[in-house]
Amino acid sequence: MIETNLQGAIYCAQAAMVPMMARRRGHIAFVSSLAAWVPLADAPTYSATKAGVAAYGEALREFLLDYGVSVTTILPGHVRTAQTDAHMGATPMIIAPEQAARHITRGLARGNAVIAFPLAASWLTSLLAIAPWRLRARFARPSRFSCRKPVSRESLDLP
């Protein structure tokens with residue numbers, strides 16, 4: 001998960017940014033998650049990788065500013081996919097993939113540095129991110145989930 005979610009994003013961006021810097025234009029978009037702002041107790045490794053992607057995107061945005069290269073970090077909440085279909089438990093404020101695509105397309109067209117959605121989930125996550133951790137934990141407990149039929153130990157997201 002670390003290799004795919006974090007290192008994969010970094011390696012792709014590094015390969016793409018060199019020619020963009022030379023042209024003095026371009027746009028890199030990273031897919032993170034609202035779990036970057038409020039880590040999920042059920043998915044600590046996933047949360048850590050998405051927090052890493054968000055931090056890298058934020059730092060890269062500033063680094064590439066003088067080169068005319070834009071960086072956008074996309075932070076979706078729950079989107080209905082095969083992954084969420086395997087969740088046993090809550091998937092609060094889940095949205096359809098088409099809705100997610102509209103949020104992303106609109107945000108990229110506007111040149112947003114951060115695209116976080118759905119709106120209610122991103123606001124709530126922003127508030128929870130600054131709350132004491134015990135309050136966050138109490139609030140998040142009803143949203144805990146697990147996944148059906150893990151294929152292997154590696155597919156489990158264990159601390």
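Rule-based calculations on the coordinates, nothing more; no lab input. No experiment lies behind these values; they were computed from the predicted model shown. All Cβ positions, glycine included, derive from the backbone under ideal geometry; neighbour counts span all protein chains shown.
I'd like to check something: does the stretch 17-25 contain any residue that is outside any helix (DSSP H, G or I) and not small (Gly, Ala, Ser)? So far as the stretch 17-25 goes, yes, one or more of its residues are outside any helix (DSSP H, G or I) and not small (Gly, Ala, Ser).
Within the stretch 88-98, restricting attention to residues that are outside any loop (DSSP other than H, G, I, E, B) and under 16 Å from the mean Cα position of the chain (by Cα), the residue that is nearest to residue 35 (Cα to Cα) is 95. If I go through the stretch 1-57 residue by residue, how many of them are within 22 Å of residue 132 (Cβ to Cβ), surrounded by 16 or more Cβ atoms within 10 Å (Cβ to Cβ) and among the hydrophobic types (A, V, I, L, M, F, W, C)? Residues meeting the conditions: 10. The set of residues in the stretch 64-82 being in contact with a strand residue (DSSP E or B) (Cβ under 8 Å, 6 or more places away or on another chain) and closer than 18 Å to residue 50 by Cβ consists of 71, 72, 73, 74, 75, 76, 77, 78, 79. One residue stands out among those in the stretch 58-82 that are of a type in the set (D, E, K, R) and closer than 23 Å to residue 111 by Cα: the one that is surrounded by the most Cβ atoms within 10 Å (Cβ to Cβ), which is 61. Can you confirm whether residue 125 is in a helix (DSSP H, G or I) and touching a Ser or Thr at 6+ places or on another chain (Cβ under 6 Å)? Spelling it out, it is not the case that residue 125 is in a helix (DSSP H, G or I) and touching a Ser or Thr at 6+ places or on another chain (Cβ under 6 Å).
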